[in-house]
Amino acid sequence: MNQENEAKKLKIFTTVNDFQKEDANGIVADKRLIGFGSTSSYINDKGEEQKPNALQVLQHLDRIEKFLKASDIDPRKMPIVLTGDRVVDDNGKEKSETTMVAKYFTNKYIDPETAQTKFINKLMISYGKNTVNPETGEMEYAPSITATRGKNGYVLDSDKYINQQVKEKFIDMSKNVDSYGNSVKFTLGMNDKIKMHNEYPQLANLTNYIVEQGGVAMTEISFAQGRGAVISNVNPIKKENLQKIHTENLEQQINKGLDI
């Protein structure tokens, strides 16, 4: 394979955990939690420690979007849950204090020079929950920030278009690291196992394989001409070789998962 094709590959850390969850009516449902690792501190080529930041979070969301496309999924239908700002509770376990939800969408516009209809990829990151105005009955959406995809990935939109409080919270969460050097963790917003198998068979088959191999893998994505993003390889990782797999983090992510 030539160097140009090699350069178009990317890898994304992928974890899959099956569990059951009982609702308020006592009905137990099968769930599947899919994670995509976290942003974290790292050492660059100069031997300098680089702290995580908001740009890294946006870059990671860009990689997840490509993973979804490679799994034959419209990213606009699949929110991503971001958790961060972990603190130690009374039991000595680290828990996330901040949860945000990222959603992919597209904007349509008319090119003023060509008068042609074009589309631009966007990303919305919301903080808080949607509420219904008790007086008007109208939906009031959670405050959010947006980002626009450019040649080098997503970039936050101008301050005049986004909520400043959410922006500050997002930037702070991106920088804050836990005792293991991890910052923001990423999980798929949909965890209904039956829905996954019925509506997203390619993702179901991929995650079935990862579960069979121990639940942790490095997924490789290539970009084929005429096909776009495709999953080209899945390399299982033995859990005993991981230094940062913690049961309490799994429990936190399960509780933060969205049922959609």
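The values are calculated or read from the model by the stated rules, or taken from the named source; none is laboratory data. These numbers come from a predicted model, not from an experiment. We place every Cβ from the backbone using ideal geometry, glycine too, and count neighbours over all the protein chains shown. Accessible surface is based on the protein model in full, side chains and every heavy atom, while ligands, DNA and RNA are left aside. Shrake-Rupley method; radii C 1.70, N 1.55, O 1.52, S 1.80 Å.
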Which is within 24 Å of PHE13 (Cα to Cα) and open to solvent by 80 Å² or more (accessible area, probe 1.4 Å), of ARG149, ARG76? ARG76
In this structure, is GLY228 more than 17 Å from ASN17 (Cβ to Cβ) and either open to solvent by less than 40 Å² (accessible area, probe 1.4 Å) or of a type in the set (Lys, Arg) (or both)? yes
Do we find a residue being out of contact with any strand residue (DSSP E or B) (no Cβ under 6 Å at 6 or more places or on another chain), of a type in the set (A, V, I, L, M, F, W, C) and modelled with pLDDT of 95 or more anywhere in the range 138-149? no
Looking only at the range 143-155, count how many residues are small (Gly, Ala, Ser), at negative phi and in contact (Cβ under 8 Å) with a residue 24 or more places away in the chain. 1
Give the residue, chosen from PRO134, PRO143, that is in contact with a Phe, Trp or Tyr (Cβ under 7 Å, 6 or more places away or on another chain) and either farther than 17 Å from TYR104 by Cβ or buried (at least 18 other Cβ atoms within 10 Å of the Cβ) (or both). PRO143
Of ASP178, ASP259, which residue is open to solvent by less than 30 Å² (accessible area, probe 1.4 Å) and at pLDDT below 90? ASP178
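Is it fair to say VAL88 is within 23 Å of SER38 (Cα to Cα), out of contact with any Ser or Thr (no Cβ under 7 Å at 6 or more places or on another chain) and β-branched (Val, Ile, Thr)?
yes
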Does the range 127-135 include one or more residues that are within 21 Å of PHE186 (Cβ to Cβ), hydroxyl-bearing (Ser, Thr, Tyr) and in contact (Cβ under 8 Å) with a residue 40 or more places away in the chain? yes
Quick test for you: out of ASN25, ASN17, ASN53, pick the one residue that is free of Cβ contacts under 8 Å to residues at least 24 places away in the same chain and not hydrophobic (A, V, I, L, M, F, W, C). ASN25
If you take the residues in the range 196-207 that are closer than 22 Å to GLU22 by Cα and over 19 Å from the mean Cα position of the chain (by Cα), which one is surrounded by the most Cβ atoms within 10 Å (Cβ to Cβ)? HIS197
